[in-house]
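A short write-up of the structure that comes next.
Each value in this text was obtained by applying a stated rule to the coordinates, not by laboratory testing. The shown structure was predicted, so the numbers you read here are calculated from the model rather than taken from an experiment. Reconstructed Cβ throughout: ideal geometry from the backbone, glycine too, with neighbour counts over all protein chains shown.
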Amino acid sequence: MKRILGFTLAEVLITLAIIGIVAAISIPSVISNTQQQEFKTGLRKAVSVLNSAITMNIAIEGESPYDNADLFNYLKRHMSIMKTTEGMLGFYWVQTSTGAAFNNAAFYTTDGMRFEFYDAGTSNISKLPLYENENIFVCKGATTSVRYIDGVPVNPDYDFSLCKGCGAYGLSNNSDETTQPPCLITVDVNGDRKPNPANVNCKSLDCAKPYKLSTPNGSKLTDIFSIMITDKQAIPYGTAAQRAMYQAQK
């Protein structure tokens, strides 16, 4: 048999076949690992920009998240915002695992991340489940759409006892003496790109899908995380977010 550079044609073909098999096995793993690192880096950046916004609000405006119940506008005041929406249903529908759909508010930063909040101004309910855990609730607090008379909210359907600013774990004996619980928001570090949402063009409940979530222990991450806002800082919330944050810094 004719030899090619010291190898037979059969040997060359066998070698190429082996290389192809190894590549087919390893490339998906490499892509997945790269994506996981991107999600971790995105969360670290999201927490950083939130803490920078809180620090600037405290330093320049003299307001902490505990002092200002309108967390949506409080945070974006010192963040680089590309666009905002009062209701996500105008962009796409997303449902919880129980089939309910919620009209969250959100703003998008110029670096491509989406920060999502409960929008009290577009609903009579005062809290909604987090995508990560439907037993945990997002609470945004008052909005600019709520009217006041002599400091008293006019809207009787909104329970203001649930959120009057973001406190430190709701303890009356903490160092800052804040008595309200912390607030919870979500961030999608990929914005509107996959894996969340998977149905960005969905405009009705018929095609709505739940968010794809990280595994509870954080062994496999998606691009959406929960973040807790206290009276003075932003902290990753939940095992998956905390593990992602720790590994991003490792």
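Put in order of Cβ neighbour count within 10 Å, fewest first, the listed residues 183, 207, 202, 166 become 207, 202, 183, 166. Between amide H atoms placed 1.01 Å from N, distances below 5 Å from residue 209 occur with 95, all of them 5 or more places distant or on a separate chain. For the pair residue 34 and residue 179 in one chain, pulling the backbone fully straight at 0.36 nm per residue adds 48.0 nm over the alpha carbon distance.
Computed from backbone phi with θ = phi - 60° and the Karplus coefficients 6.51, -1.76 and 1.60, the 3J(HN,Hα) list for the range 185-196 is 10, 10, 10, 9, 5, 9, x, 9, 8, 5, x, 10 Hz; x is used for glycine and proline. The H on the amide N of residue 196, modeled in the peptide plane, is under 5 Å from the matching H of 223, each at least 5 residues off or on a different chain.
If you plug the beta carbon distance of residue 48 and residue 203 into 1/(1 + (r/R0)^6) with R0 = 35 Å, you get a FRET efficiency near 0.55. State the Cα centre-to-centre distance between the range 169-239 and the range 38-61 in whole Å. The distance from the Cα centre of the range 169-239 to that of the range 38-61 comes to 15 Å. The distance between label points at residue 86 and residue 12 comes to 6.9 nm (points 7 Å beyond Cα on the Cα→Cβ vector). Karplus-based coupling profile of the range 41-46, in residue order and whole Hz: 5, x, 5, 4, 5, 4, with θ = phi - 60° in 6.51 cos²θ - 1.76 cosθ + 1.60 and x standing for Gly or Pro.
Report note on the peptides 214-227, 79-92: ranked by the mean count of other C-beta atoms within 10 Å, highest first, their order is 214-227, 79-92. The gain in end-to-end length when the residue 217 to residue 41 segment is fully stretched comes to 61.6 nm, 0.36 nm per residue minus the alpha carbon separation.
If the limit is 19 Å between Cα atoms, which of 194/220; 76/220; 76/232 go over it?
Details: 194/220 15 Å; 76/220 30 Å; 76/232 16 Å.
Over 19 Å apart, Cα to Cα: 76/220.
Converting phi to 3J(HN,Hα) with the Karplus coefficients 6.51, -1.76 and 1.60 and the offset θ = phi - 60°, the range 209-224 yields 10, x, 5, 7, 10, 5, 5, x, 8, x, 5, 9, 9, 10, 8, 10 Hz in sequence order, with x at every glycine or proline. For residue 184, the residues whose amide H sits under 5 Å from its own are 139, 229, ignoring neighbours fewer than 5 places away on the same chain, with H placed 1.01 Å from N.
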